[in-house]
Amino acid sequence: MVNGFQRLGARALAIAERFGRAFLFLLRALAGMPALVLRPGLVVQQLYSVGVLSLVIIVVSGVFVGMVLGLQGYTTLLNFGAEQSLGVLVALSIVRELGPVVTALLFAGRAGSALAAEIGLMKSTEQLSGMEMMAVDPMNRVIAPRLLAGFLAMPLLAAIFSFLAILGSYVIGVGLLGVDAGAFWGQMQDAVEFREDILNGVIKSVVFGFVASWIAVFEGYDAEPTSEGVSRATTRTVVYTALAVLGLDFVLTAVMFG
Amino acid sequence: MTDRSVIDSAQVLLDTRCRCKLNAPWTQFMADTFADAGDHLVDIRDLHFSRGERLLFDGVELSIRRGEVTAIMGPSGTGKTTLLKLIGGQLQPDRGTIHVEGQHVAGLSTRGLYKLRRRMGMLFQSGALFTDLSVFDNVAFPLREHTDLPEPLIRDLVLLKLQAVGLRGARDLMPAQLSGGMARRVALARAIALDPTMVMYDEPFTGQDPISMGVLVDLIRRLNDALGLSSIIVSHDVAETARIADRIHVLHGGRIVESGTPGALYESQSEWVRQFMHGLPDGPVPFHYPAALGFDEDLMSQPRSSRGAW
Amino acid sequence: MRNRRLVEIWVGVFVAMGAAALFGLAIQVSNVQVFDARGGYELELRFENIGGLRTRAPVTVGGVRVGRVADVELDSSTYEAKVTVRIDERYEFPEDTSASIYTSGLLGEQYIALDPGGLDFYLRDGDEITLTQSALVLERMIGQFLYQMGNDDD
Ligand SMILES: Nc1ncnc2c1ncn2[C@@H]1O[C@H](COP(=O)(O)OP(=O)(O)OP(=O)(O)O)[C@@H](O)[C@H]1O
Ligand SMILES: [Mg+2]
């Protein structure tokens with residue numbers, strides 16, 4: 001019994017300590033960001049690996065999610081004779097929820113895991129130590145540009161995803177199922193509010209991007225410097241990001257639309 | 001050492017007056033104040049360090065002179081790499097002090113530490129090349145980070161360093177395309193890219209064929225003398241190291257057991273040092289990592305669990 | 001990086017795509033420039049019953065959107081629903097304009113339709129439209145219908 005409590009306590013302390021480390025880590029990385037103004041090349045390079053290399057999966061998933069939503073929404077709305085409102089249904093669910101959330105999950109799988117693995121491997125092969133001994137702070141040179149690129153890439157990716165998903169549902173709804181194009185866009189524009197819906201969606205994706213990149217670089221940097229440690233860091237990145245994004249989404253939705 | 005004797009005499013004075021002990025911060029302060037940066041590049045006093053349960057250093061006292069090639073030798077796992085990391089400020093001692101160029105390493109601010117490290121070059125045992133950069137970019141890395149030199153000049157400097165290690169032709173290869181020995185030489189070129197005043201080589205000779213080994217040995221010596229560097233070599237290769245080292249310190253059991261010129265160490269009184277220097281299989285040095293049971297007993301004993309690690 | 005130029009081009013393409021998508025979301029998906037919360041002027045409407053009318057519901061004239069419902073309140077002295085609507089400043093309506101609440105489609109959203117009158121005096125910010133027709137509540141209609149059927153039987 002007492003042992004159980006002790007184990008629980010030890011566990012809680014370990015988690016609290018990890019959170020503390022993650023937070024200090026974030027502060028140090030943020031402190032390294034202003035200097036990046038002088039070296040935009042570093043960020044551009046990371047935008048390439050975080051953003052451009054994620055484009056394919058974002059584009060493909062966006063179009064397909066939109067098409068599926070178009071099909072499903074149409075058949076459901078048909079039951080109520082409201083199939084002309086397809087645009088509203090699709091746009092609101094994409095812009096408010098699916099866009100930011102699905103993009104963040106894909107981002108964790110595509111970019112986050114790669115970030116964690118890359119940094120973890122740099123650590124386990126002593127590249128980070130080597131950098132330190134060359135008087136180059138890995139926080140500024142390695143971590144900060146990656147973190148910043150993650151922050152920047154995520155809202156852009158989410159916007160691309162959302163827009164393509166709506167286009168996908170347009171192709172299915174208007175092109176295939178015969179929803180009136182005017183009704184599709186017109187009702188959508190009437191119902192979707194820029195500040196309430198679009199802007200809140202963008203804010204969500206900014207928050208998710210921040211959290212997802214933070215988790216990825218921290219897990220990589222904090223990884224045990226072994227093959228096993230790196231693989232565990234990669235897994236943890238995806239799992240923690242998914243949990244954090246879903247939890248935060250609930251909170252944000254409650255605050256924004258509640 | 002003068003600072004030791006100052007502290008000691010201060011202690012004696014105090015003992016006779018009031019029978020109290022100098023507390024650690026005070027001793028520390030005096031040691032800091034009196035550490036003479038004169039001809040000592042690195043000064044290690046009373047160094048204690050442990051890795052988990054294992055006590056690696058138990059009172060290491062070591063002075064490394066300016067302008068010399070100093071070798072630190074000792075059996076595998078005695079903590080030579082760890083010692084270099086302590087000197088470079090990547091690890092903090094549990095007790096004791098390390099001064100480099102008169103600066104107390106563990107007490108430096110991050111900025112101060114990085115400033116000091118610019119004058120240090122370190123060749124990592126694993127090479128630690130950046131796997132996403134080509135050989136050329138690896139060697140150019142410290143130059144690009146720390147200088148504003150124009151690209152053509154950087155190119156010349158990099159080619160010069162690569163030429164010195166015989167790998168000018170490999171500049172466009174990626175680290176994954178290098179052999180172990182080549183990677184080590186690229187790392188060496190990178191370590192000396194900024195023309196540091198002090199270079200630490202962790203196992204520079206491992207994995208080198210006899211020809212490049214000979215070139216490297218000469219290179220280290222020539223660099224040291226031509227550029228007025230100080231070099232610290234950690235190595236097992238007794239013959240090669242002895243050929244170029246001015247002074248060898250032998251590390252064993254958490255302490256420096258013997259220091260001296262290579263010649264003196266070959267003729268050492270200590271049976272242990274002689275065995276190490278001559279590489280004799282028989283002698284006081286155990287070849288085996290300490291085990292709980294003897295080999296026979298271990299073979300005869302029942303395994304605690306029949307399940308393997310997998 | 002091996003091909004710096006290519007990397008830069010791709011990142012440029014990526015950022016342009018993201019910006020274009022954001023712009024598209026703003027312009028094509030939402031209706032960003034019209035009816036922003038501050039532009040336009042407000043009118044007050046009183047209804048006996050507003051049914052399922054919500055804030056942000058459209059206000060139309062002849063099927064054209066001219067504004068949005070900004071606020072819905074209960075007037076605690078008269079127990080009427082007080083609806084504030086915000087009208088685009090481009091439009092002006094006579095003082096004898098009337099308002100009704102309709103439903104788009106059978107189960108669709110409820111909206112306010114304005115029916116402009118013929119007077120030469122125009123409604124200004126803060127004015128009230130008094131000629132209103134409440135929402136048709138389905139249950140009430142069915143109830144009335146049944147009641148009338150009962151009366152007819154007599
Ligand atoms: N990160 C670490 N965590 C825990 N123990 C470590 C760590 N690194 C090294 N050790 C332990 O410290 C001891 C000394 O390691 P170190 O790498 O300094 O040895 P070394 O003298 O350089 O050996 P070699 O000559 O084989 O390179 C080893 O016994 C090792 O088990
Ligand atoms: Mg070692």
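How many residues are surrounded by 21 or more Cβ atoms within 10 Å (Cβ to Cβ) and within 16 Å of A:PHE163 (Cα to Cα) when one looks only at the stretch A:178-188?
2
What is the one condition in (1) surrounded by 15 or more Cβ atoms within 10 Å (Cβ to Cβ); (2) among the charged types (D, E, K, R); (3) assigned to a loop (DSSP other than H, G, I, E, B) that C:ARG86 does not satisfy?
Of the numbered conditions (1) surrounded by 15 or more Cβ atoms within 10 Å (Cβ to Cβ); (2) among the charged types (D, E, K, R); (3) assigned to a loop (DSSP other than H, G, I, E, B), the odd one out for C:ARG86 is (3).
So if I check each of B:GLN90, B:GLN125, which one is free of Cβ contacts under 8 Å to residues at least 24 places away in the same chain and in contact with a Ser or Thr (Cβ under 7 Å, 6 or more places away or on another chain)?
Residue meeting the stated conditions: B:GLN90.
Okay, residues lined up against (1) among the hydrophobic types (A, V, I, L, M, F, W, C); (2) within 27 Å of B:ARG243 (Cβ to Cβ):
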position	(1), (2)
B:ASP46	no, no
B:ASP58	no, no
B:SER63	no, yes
B:PRO75	no, yes
B:ILE87	yes, yes
B:LEU91	yes, no
B:GLY102	no, no
B:THR110	no, no
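Looking at this structure, is A:ALA10 surrounded by fewer than 20 Cβ atoms within 10 Å (Cβ to Cβ) and in contact (Cβ under 8 Å) with a residue 60 or more places away in the chain?
On the way: surrounded by fewer than 20 Cβ atoms within 10 Å (Cβ to Cβ): yes; in contact (Cβ under 8 Å) with a residue 60 or more places away in the chain: no.
For A:ALA10, the condition - surrounded by fewer than 20 Cβ atoms within 10 Å (Cβ to Cβ) and in contact (Cβ under 8 Å) with a residue 60 or more places away in the chain - is not met.
Considering only the stretch B:40-69, state which residues are more than 8 Å from ligand 1 (Cβ to nearest atom) and without any contact (Cβ under 8 Å) to a residue 12 or more places away in the chain.
B:GLU53
Take the residues in the stretch B:196-207 that are open to solvent by 20 Å² or more (accessible area, probe 1.4 Å) and within 16 Å of ligand 2 (Cβ to nearest atom), then tell me which one is nearest to the chain's Cα centre (by Cα).
If we take residues in the stretch B:196-207 being open to solvent by 20 Å² or more (accessible area, probe 1.4 Å) and within 16 Å of ligand 2 (Cβ to nearest atom), then B:THR206 is nearest to the chain's Cα centre (by Cα).
Consider the stretch B:126-139. How many of its residues are touching a helix residue (DSSP H, G or I) at 6+ places or on another chain (Cβ under 6 Å) and within 16 Å of ligand 2 (Cβ to nearest atom)?
Counting residues in the stretch B:126-139 that are touching a helix residue (DSSP H, G or I) at 6+ places or on another chain (Cβ under 6 Å) and within 16 Å of ligand 2 (Cβ to nearest atom) gives 2.
Given (1) open to solvent by 40 Å² or more (accessible area, probe 1.4 Å); (2) within 26 Å of A:SER54 (Cβ to Cβ), where does A:GLU196 come up short, assuming only one miss?
(2)
Check off (1) closer than 24 Å to A:ASP190 by Cα; (2) hydroxyl-bearing (Ser, Thr, Tyr); (3) surrounded by fewer than 12 Cβ atoms within 10 Å (Cβ to Cβ) for C:SER104 and give me the number that stays unchecked.
Only one criterion in (1) closer than 24 Å to A:ASP190 by Cα; (2) hydroxyl-bearing (Ser, Thr, Tyr); (3) surrounded by fewer than 12 Cβ atoms within 10 Å (Cβ to Cβ) is unmet by C:SER104, namely (3).
Name every residue in the stretch B:50-66 that is within 16 Å of ligand 2 (Cβ to nearest atom), of a type in the set (A, V, I, L, M, F, W, C) and open to solvent by 10 Å² or more (accessible area, probe 1.4 Å), in order of residue number.
Once the filter is applied, which keeps residues that are within 16 Å of ligand 2 (Cβ to nearest atom), of a type in the set (A, V, I, L, M, F, W, C) and open to solvent by 10 Å² or more (accessible area, probe 1.4 Å), the stretch B:50-66 yields only B:LEU56.
Going residue by residue through the stretch A:141-162, is there one that turns out to be assigned to a helix (DSSP H, G or I), more than 14 Å from chain C (Cβ to nearest Cβ), at negative phi and free of Cβ contacts under 8 Å to residues at least 40 places away in the same chain?
Yes.
Enumerate the pairs (first residue in the stretch C:1-24 and more than 8 Å from chain A (Cβ to nearest Cβ); second residue anywhere and acidic (Asp, Glu)) with beta-carbon separation below 9 Å, excluding pairs fewer than 6 apart on the same chain, so at least 6 apart or on different chains.
No pair meets every condition.
Within the group B:PRO152, B:PRO142, which residue is away from ligand 2 (no atom under 16 Å from the Cβ), buried (at least 21 other Cβ atoms within 10 Å of the Cβ) and not in a strand (DSSP E or B)?
Working: B:PRO152 fails: buried (at least 21 other Cβ atoms within 10 Å of the Cβ).
Step by step, each of B:PRO152, B:PRO142 is checked, and only B:PRO142 is away from ligand 2 (no atom under 16 Å from the Cβ), buried (at least 21 other Cβ atoms within 10 Å of the Cβ) and not in a strand (DSSP E or B).
Which condition breaks for B:LEU133 when tested against (1) crowded, with 17+ Cβ neighbours inside 10 Å; (2) assigned to a helix (DSSP H, G or I)?
That leaves (2) as the condition not met.
Is it the case that B:ILE72 is open to solvent by less than 40 Å² (accessible area, probe 1.4 Å), more than 10 Å from chain A (Cβ to nearest Cβ) and more than 16 Å from ligand 1 (Cβ to nearest atom)? Don't jump to the end; show me each part of the working.
Details: open to solvent by less than 40 Å² (accessible area, probe 1.4 Å): yes; more than 10 Å from chain A (Cβ to nearest Cβ): yes; more than 16 Å from ligand 1 (Cβ to nearest atom): no.
So B:ILE72 fails the test.
State whether the residues of the stretch A:194-209 include one that is in contact (Cβ under 8 Å) with a residue 60 or more places away in the chain, within 16 Å of ligand 2 (Cβ to nearest atom) and within 14 Å of another protein chain (Cβ to nearest Cβ).
No, there is no match, as no residue in the stretch A:194-209 is in contact (Cβ under 8 Å) with a residue 60 or more places away in the chain, within 16 Å of ligand 2 (Cβ to nearest atom) and within 14 Å of another protein chain (Cβ to nearest Cβ).
Residues checked against (1) open to solvent by 80 Å² or more (accessible area, probe 1.4 Å); (2) within 13 Å of another protein chain (Cβ to nearest Cβ); (3) of a type outside the set (Gly, Ala, Ser); (4) touching a residue at least 40 places away in the same chain (Cβ under 8 Å):
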residue: A:PHE19; (1), (2), (3), (4): yes, no, yes, no
residue: A:GLY41; (1), (2), (3), (4): no, yes, no, no
residue: A:GLN45; (1), (2), (3), (4): no, yes, yes, yes
residue: A:VAL50; (1), (2), (3), (4): no, yes, yes, yes
residue: A:LEU53; (1), (2), (3), (4): no, yes, yes, yes
residue: A:ALA108; (1), (2), (3), (4): no, no, no, yes
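Quick check: is even one residue across the stretch A:217-227 small (Gly, Ala, Ser) and part of a loop (DSSP other than H, G, I, E, B)?
Within the stretch A:217-227, one or more residues are small (Gly, Ala, Ser) and part of a loop (DSSP other than H, G, I, E, B).
What is the residue count in the stretch B:75-125 for residues that are more than 20 Å from B:GLY59 (Cα to Cα), crowded, with 19+ Cβ neighbours inside 10 Å and within 16 Å of ligand 2 (Cβ to nearest atom)?
3
Would a scan of the stretch A:117-125 turn up a residue that is of a type in the set (A, V, I, L, M, F, W, C), open to solvent by less than 10 Å² (accessible area, probe 1.4 Å), in contact (Cβ under 8 Å) with a residue 12 or more places away in the chain and within 14 Å of chain C (Cβ to nearest Cβ)? Working first, answer last.
Keep residues of the stretch A:117-125 that are of a type in the set (A, V, I, L, M, F, W, C), which gives A:117, A:119, A:121-122.
Next cut, open to solvent by less than 10 Å² (accessible area, probe 1.4 Å) only: A:119.
The next check asks that each one be in contact (Cβ under 8 Å) with a residue 12 or more places away in the chain; those that pass are A:119.
Then drop every residue that is not within 14 Å of chain C (Cβ to nearest Cβ), which leaves none.
Scanning the stretch A:117-125 turns up no residue that is of a type in the set (A, V, I, L, M, F, W, C), open to solvent by less than 10 Å² (accessible area, probe 1.4 Å), in contact (Cβ under 8 Å) with a residue 12 or more places away in the chain and within 14 Å of chain C (Cβ to nearest Cβ).
The values are calculated or read from the model by the stated rules, or taken from the named source; none is laboratory data. Just so it is clear, the model here is predicted, and its values are computed rather than measured. Every residue, glycine as well, gets a Cβ built from its backbone with ideal geometry; the counts of neighbours run over all protein chains shown. When the accessible area is computed, the model is the full protein with side chains, heavy atoms only, and any ligands, DNA or RNA have been set aside. Shrake-Rupley method; radii C 1.70, N 1.55, O 1.52, S 1.80 Å.
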